[in-house]
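What follows is a single structure, written as structure tokens, with notes after it.
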Amino acid sequence: MSTAITVRVPRDSAALAVGADAVAATLQAECARRGLALNLVRNGSRGLFWLEPLVEVSTSAGRVAYGPVTPEDVPGLLDAGLLQGAPHALGHGPTEQIPYLAKQERLCFARMGLTDPLSLADYEAHEGWAGLRRALAMPDAAVVDEVLQSGLRGRGGAAFPTGIKWKTVMNTPSAQKYIVCNADEGDSGTYSDRMTMEGDPYMLIEGMTIAALAVGATRGYVYVRSEYPHAIATLNDAIARAEAAGFLGSDVLGSGRAFHLQVRKAAGAYVCGEETALLESLEGKRGIVRAKPPLPAIEGLFGQPTVINNVISFASVPLILARGAAHYRDYGVGRSMGTLPIQLAGNVKRGGLVEKAFGVTLRELLYDFGGGTASGRPIKAVQVGGPLGTYVPESKWDVPLDYEAYAAFGGVVGHGGIVVHDDTADMAKLARYAMEFCAIESCGKCTPCRIGSTRGVEVIDRITANVNRPAQVKLLRDLCDTMLAGSLCAMGGMTPYPVLSALDHYPEDFGLATPDRAAA
Amino acid sequence: MSTSLAAVRAVLARRADEPGALLPILHEVQDQLGCIPADAVPEIAGALNLSRAEVHGVITYYHHFRGEPAGRHVIQVCRAEACQALGAEALLTHAERRLVCRSHASSSDGRYTLEPVFCLGLCASSPAIVIDERLHARISPAAFDRLIGALENEDAEEAAR
């Protein structure tokens, strides 16, 4: 009997959705039939989604990649010497040398695709728990200071300094404090939270545990959207394993300190990604936005001091603690420090996860990484920062991606989602969709969002139907101004971003005269 | 007492004391019964010391919860921007025709429920759909027809047994 060769087939949702289970089953059956010893591992995804299912074979020279692999390809691949990493039409050579991966700066996603997501041994062998162990040996205030010094800002989109949130909770006395993870990743074009929960769940657990110990919280919740069943299942499994191994529970790593973590399933309301609506939902109510102040850090879940952060914010913490704030801070530009897991999505040839230091340009992402559109047509519009983000015109594609540089031209980095549209896109239709989406998803508490979005749809309809167009365009701008300035949260307050950027940069789609393009 | 009410009471007995128990309870009830039947509302309200209006308000606020059972197969089609960029709107129109079913509704024979959804997190492999909780990405209208055809064959085989 030959020694078993290790072959990895990802278990990430995006791999499953293109047939990874069938590929894994065929590999096993075909190897058994041929009497070949196979050690099949279901890893996380590398995030190179156009190559999924991406099959990796361990060789003496490292892992060798093949993809996208269908079950029908498996016999031919084995004939060609898949298990020895031999060349094949679907082969890409050593995985780490694929340019898309080699050009990245993976800090948060360093383990992604390398490990079996649920293996505690794998996690530990790849720097896992090093941050928690160091944090346990430090005074609580020093842990919070380390996060503050790293420059980490909320990766959910609001970019508020994470360390300041933590410090506020630490300094607010209370018998019960909470840690809440906002995993209600509802933005179209984003999937880094999903990948983290499915592909490296212990990293999130470790980050939340460090937060809990630092601020003195003993209970935590991960609020995960119901559209992510695989993430929920993996996270529940990971929490149970971490608890059994002593990383969670009533005595974290023998420190005598407790942290109990639980997954809560959301129920399909986009606005629950807003932190106060999320807290209402966790309390068992309709997800209606709260007025701030009081800040959640002072009166959060069940009225108690609460750290509420995005998945990627928590997931960035273990490495910051393990390697020190300076290591993290040295990436990035200006006040945007560290790295951002950027998600290329929509009509793009090579869609996937690109983690880079802040400062990368949209043009590099769209062409060097993305390879242009999937349809082969010219890129027309690029929406950065989710459904409430601006359509960034080509004149801004060389602006370094950082929070301040984007804000300077009215753009948002958001959660790092980038959705590409080709020249068949109708920007008036997309603008109408943004208003329609806001009308459907508005929590209803404030008037600009609740009523403004419905009126917005009507006004855009009149513009495209050319009913008193010039006056309606003015009305749309007035309406957007009211929504921007008068809404209680980002739902109504940012819906004007895609609408106005579509109107400003693609007026011809609204039946208006094209201004000087160079001025766009 | 009906079997469904017994199921609701069992869920309540287990979970009513949890902090913020309403959503987990509604999820469990729907997972077991396929929907949250109207007669479950007063039971849940009573156990959590809420008004029926509050419970009804929560059920109807969230898109995920349903008051009526779904069709035999639930088909979800993502219509978020990333999927729209690769033809999700056309795919949804195609699905309505193929399934003879309007969006947000069930087909008259009760076989299908068609639900447009907003983002499945498969935005680099658009357009994406879910058939009975199984994910499928990069779906063209032809690929959609193949998947539905396979589903119909399975149903026919099961009926023949």
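Side notes on the structure shown:
- Taking every residue in A:185-194 and counting other chain Cβ atoms within 10 Å of its Cβ, the average works out to 6.
- Neighbour net charge for A:Phe358 - beta-carbon separation under 12 angstrom, K R +1, D E -1: 0
- Two-decimal ratio, segment A:5-103, of alpha-carbon radius of gyration to 2.2 N^0.38 Å: 0.96
- Across segment A:66-75, coupling constants 3J(HN,Hα) worked out from phi with the 6.51/-1.76/1.60 Karplus curve, θ = phi - 60°, read 9, x, x, 9, 9, x, 5, 6, 4, x Hz, and Gly and Pro carry x.
- Surface accessible to a 1.4 Å probe, per residue, for the residues of segment B:73-160, Å²: 43 Å²
- Shown for segment A:300-400: the carbon plus sulfur share of the solvent-accessible area, taken with all protein chains present and a 1.4 angstrom probe, equals 46%.
- Across chain A, Cα pairs under 8 Å and at least six residues apart give a relative contact order of 13 percent.
- Cβ-Cβ FRET estimate between B:Ala6 and A:Ala175, R0 fixed at 60 Å, reported to 0.05: 0.95
- Listed peptides A:70-78, B:11-19 by packing density, highest first (mean Cβ within 10 Å): A:70-78, B:11-19
- Counting every C-alpha pair in segment B:3-61, the share spaced more than 20 angstrom apart comes to 10%.
- Cα-based radius of gyration of segment B:1-124 once divided by 2.2 N^0.38 Å, which approximates compact folds: 1.25
- Of the peptides B:98-110, A:288-300, the ranking by mean beta-carbon count within 10 Å, highest at the top, reads A:288-300, B:98-110.
- Computed over segment A:361-479, the ratio Rg/Rh where both radii use C-alpha atoms and Rh is Kirkwood: 1.01
- The trypsin sites (Lys or Arg not before Pro) of segment A:66-162 that DSSP puts in a loop, and whose beta carbon has at most 15 other beta carbons within 10 Å, are A:Lys103.
- Each peptide among A:486-492, A:352-358, A:186-192 gets the average number of other Cβ atoms lying within 10 Å of its residues, and from highest to lowest they stand as A:186-192, A:352-358, A:486-492.
- Percent of alpha-carbon pairs separated by more than 16 Å within segment A:333-403: 47 percent
- As computed over segment A:275-318, the Cα convex hull volume per residue (Å³): 76 Å³
- Net charge over other residues, Cβ less than 10 angstrom from the Cβ of B:Pro19 (K, R count +1; D, E count -1): -2
- Summed over both chains, the contact between B and A buries some 3600 Å² of accessible surface at a probe radius of 1.4 Å.
- Placing a label point 7 Å from the Cα of A:Thr59 along the Cα-to-Cβ direction, the residues of segment A:82-100 with a backbone N closer than 17 Å are A:82-99.
- 25 °C / 0.890 mPa s Stokes-Einstein diffusion coefficient of segment A:120-330, Kirkwood radius on C-alpha pairs, µm²/s: 146 µm²/s
- Segment B:3-61, relative contact order [Cα under 8 Å, separation at least 6], %: 32 percent
- Within 10 Å of each Cβ in B:109-120, the average number of Cβ atoms from other chains: 3
- Two-site label geometry, A:Arg133 and A:Glu72: point separation in nm, points 7 Å out along Cα→Cβ: 5.0 nm
- In units of the compact-protein estimate 2.2 N^0.38 Å, the protein assembly as shown shows a Cα radius of gyration of 0.95.
- MRE, 222 nm, helices only [DSSP H, n ≥ 4, -39500 (n - 2.57), over chain A, to nearest 500]: -11500 deg cm²/dmol
- Protein heavy-atom accessible surface, 1.4 Å probe, per residue over segment B:1-52: 48 Å².
- Using the Cβ-Cβ distance between A:Ala89 and A:Ser255 with R0 set to 51 Å, the FRET efficiency works out to roughly 0.40.
- Segment B:73-160 - Rg over Rh from alpha carbon coordinates, Kirkwood radius: 0.97
- Averaged over A:257-268, number of beta-carbon atoms from partner chains that fall within 10 Å: 3
- Solvent exposure of segment A:335-422, expressed per residue, is 26 Å² of accessible area, with all protein chains present and a 1.4 angstrom probe.
- Neighbourhood net charge (13 Å Cβ-Cβ; Lys/Arg +1, Asp/Glu -1) for A:Thr454: -1
The values are calculated or read from the model by the stated rules, or taken from the named source; none is laboratory data. This structure is a prediction, so every number in the text was calculated from the model and none was measured. Heads up, the Cβs are rebuilt from the backbone with ideal geometry, glycines too, and the neighbour counts pull from every protein chain shown. Keep in mind that these areas ignore ligands, DNA and RNA; they rest on the heavy atoms of the full protein, side chains included. Shrake-Rupley method; radii C 1.70, N 1.55, O 1.52, S 1.80 Å.
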